[in-house]
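Structure first, commentary second.
Any read-out appearing in this document is the output of simple, stated calculations on the displayed coordinates, not a laboratory observation. On a predicted model such as this, the values are computed, not experimentally measured, just so you know. Using ideal geometry, Cβ is built from the backbone for each residue, glycine included, and neighbour counts are taken over all protein chains shown.
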Ligand code: DC
């Protein structure tokens, strides 16, 4: 079976950028598991029951309009606290992780719940102000009108909800390696993650 890489961490820590680069570097498929929760969140905002939405999710839902916006993010964090929603999304994520050629998955509970057997786990962090500035730049570039303070409040609210929930809270697995990207450029963060994986997979050989 191919290599499975589990990447977790809070919003805008850089985990998506790092995961995509790792997938390209090691020739693996990539799944942004936040999109699943965002898709369920959007369907809840459209009036659907979140548990039914999670059970009926299709790939088409994963490129819905507004999926990457701030409303979908907050709604995602809310539906992600519902155990039945999480349970409905487990099989899809585990099947993806088990694919022949190997995979990189990023989220909040990949190393702890979805892929506890993954040989390489990274917990990506950065301080909240730095994450808010990054997310603010991305959202403004995508045409959203909001302030840096609003983005920081949004990130803090999500951090609190995602770490505080009872079911699969965001936390680093015991065998995860921490990568703090606060002071790192994108290229430095990617290089650090690649070096870390090469070291880890060398150790487990
Ligand atoms: O990664 P993201 O910011 O797009 O995720 C949106 C929300 O979805 C996040 O605030 C919490 C939830 N989520 C989760 O609970 N578990 C995951 N594996 C991925 C995301």
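At-a-glance table
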read-out	value
Listed residues 180, 91, 61, most fluctuating in the chain (Gaussian network, C-alpha, under 10 Å)	91
Cβ-derived FRET efficiency at R0 35 Å, residue 24 paired with residue 137, nearest 0.05	0.95
Candidates 19, 77, 185: whichever shows maximal mean-square fluctuation once the chain is modelled as a Gaussian network with Cα springs under 10 Å	185
Estimated [θ] at 222 nm from DSSP helical runs (n ≥ 4, -39500 (n - 2.57)) normalised by residues in the chain, nearest 500	-16000 deg cm²/dmol
Extension gain, residue 46 back to residue 156 (0.36 nm per residue minus Cα-Cα distance, nm)	37.1 nm
Whole-Å semi-axes of the ellipsoid equivalent to region 66-125 (Cα gyration tensor, √5λ, descending)	22, 14, 12
Where labels lie 7 Å past Cα in the beta-carbon direction, separation of residue 95 and residue 58 in nm	1.5 nm
With eigenvalues of the C-alpha gyration tensor scaled by 5 and rooted, region 99-171, Å	28, 16, 10
